[in-house]
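The values are calculated or read from the model by the stated rules, or taken from the named source; none is laboratory data. Remember, it's a predicted structure, so these values are computed and weren't measured experimentally. Ideal geometry is used to build each Cβ from the backbone, glycine not excepted, and the neighbour counts take in all protein chains shown.
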Amino acid sequence: MPERDLFKRYPGNPIITSENLSYRANSVFNAGAAAMEGQTLLLMRVEDRRGMSHFTAARSRDGWSGWSIDDKPTLLPSPLDHPEEIWGIEDPRITYLEELGCWAVTYTAFSRGGPLVSLACTKDFVKFERYGPVLPPEDKDAALFPVRFKGRWAMIHRPVSNWPGAGADIWISFSPDLRHWGDHRVLIAARKGGWWDANKIGLSPPPLPTEEGWLILYHGVRTTASGSIYRLGLALLDLEDPCNVIARADEWVFSPEESYELMGDVDNVVFPCGWVREGNTVRLYYGGADKCLALAVAEVPELLAWLKEHNVN
């Protein structure tokens, strides 16, 4: 099987655009995903016609089509109570915390000081308890693991340094209570030179537990003479110690190819914030060119086998 076919695009792509909303907006993209109550829920980033983003939920019985979309925003920025959300909220990732009986939503809050990581919890995607900012700017691309490690929660995120020559790497941090985070360390470093994931990388959907480890799908940004290209790669973390990177692939596994990925508000972008596993199949929900939502599917055993063949860790 050709390697580029590991993720197979849904022929009905894009699955949701701004035209599917009941109110006017510029774009719909970068949705967190969750399986709940026999449905697939997408918490979509919607950019309004001011340029600010909020979240709107969509639900589907089969996770492919027939999406029922909330007729108004599900979660709006609240700058009066949370000034860090003054310029919108973006790119949610969803993790179910069985211990707490709730869904944790990590997202980017666009503050006056730059983007930062905020956290909210919900049991029904109607009411949300905001924890506020948990990491300072500039930081984004954050998601929680669904379990504790030695009594502590773990979160993957991507801080950016202003230090000359410093890359944008993937980090991991730990917390006893989801509010106070420490023990920060680099987890996966951006490569240097001509690599597809040189200089800037970031987590895509939350870590996916498999029998062989936590499967990580991350984006790498290649800067070219005509702009940036966002592609996706794979890595694998130890189940018991997520700081231990077992494998990391050399090649990208998914790249912009279709028109809805190549042309939009930001060209040449595939950007997933959520995936849902059903048996051995994983459905990947991703933003296409910062304009629409699309869907691709893959088989987890095939992803793990490919990662072993391409491991350069």
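Here are some notes:
- Pairs, first at pLDDT 95 or above in the stretch 193-218, second part of a loop (DSSP other than H, G, I, E, B) and of a type in the set (A, V, I, L, M, F, W, C), C-beta under 6 Å, six or more apart: Trp196/Trp252; Lys200/Ala190; Ile201/Ala190; Pro207/Phe145; Gly213/Leu239
- Out of Pro92, Pro77, Pro115, sole residue that is part of a loop (DSSP other than H, G, I, E, B) and either touching a strand residue (DSSP E or B) at 6+ places or on another chain (Cβ under 6 Å) or surrounded by fewer than 16 Cβ atoms within 10 Å (Cβ to Cβ) (or both): Pro77
- In the stretch 230-239, the qualifying residues are those that are more than 13 Å from Thr210 (Cα to Cα) and without any contact (Cβ under 8 Å) to a residue 40 or more places away in the chain, and the one that is surrounded by the most Cβ atoms within 10 Å (Cβ to Cβ) is Gly233.
- Of all positions in the stretch 162-170, at least one carries a residue that is touching a residue at least 24 places away in the same chain (Cβ under 8 Å), closer than 24 Å to Asn30 by Cβ and not in a loop (DSSP other than H, G, I, E, B).
- Total residues in the stretch 156-178, condition loosely packed, with under 11 Cβ neighbours inside 10 Å and charged (D, E, K, R): 1
- Residues that are in a strand (DSSP E or B), of a type outside the set (Val, Ile, Thr) and under 15 Å from Lys140 (Cα atoms) within the stretch 188-206 comprise Lys200, Gly202, Leu203, listed in sequence order.
- Residue within the stretch 20-32 that is in a strand (DSSP E or B), touching a residue at least 24 places away in the same chain (Cβ under 8 Å), over 28 Å from Gly114 (Cβ atoms) and touching a strand residue (DSSP E or B) at 6+ places or on another chain (Cβ under 8 Å) present: no
- Against the conditions (1) charged (D, E, K, R); (2) in contact (Cβ under 8 Å) with a residue 40 or more places away in the chain; (3) more than 19 Å from Val270 (Cβ to Cβ); (4) not in a loop (DSSP other than H, G, I, E, B), Glu99 satisfies every one except (4).
- Screening the stretch 56-96 for residues that are among the aliphatic types (A, V, I, L, M) and touching a residue at least 12 places away in the same chain (Cβ under 8 Å) and picking the one that is nearest to Leu135 (Cα to Cα) gives Ile89.
- Any hit, the stretch 19-27, residues being among the small types (Gly, Ala, Ser) and surrounded by fewer than 17 Cβ atoms within 10 Å (Cβ to Cβ): yes
- Candidate set: the stretch 42-56, residues that are surrounded by 22 or more Cβ atoms within 10 Å (Cβ to Cβ) and aliphatic (A, V, I, L, M); chosen: the one farthest from Lys123 (Cα to Cα): Val46
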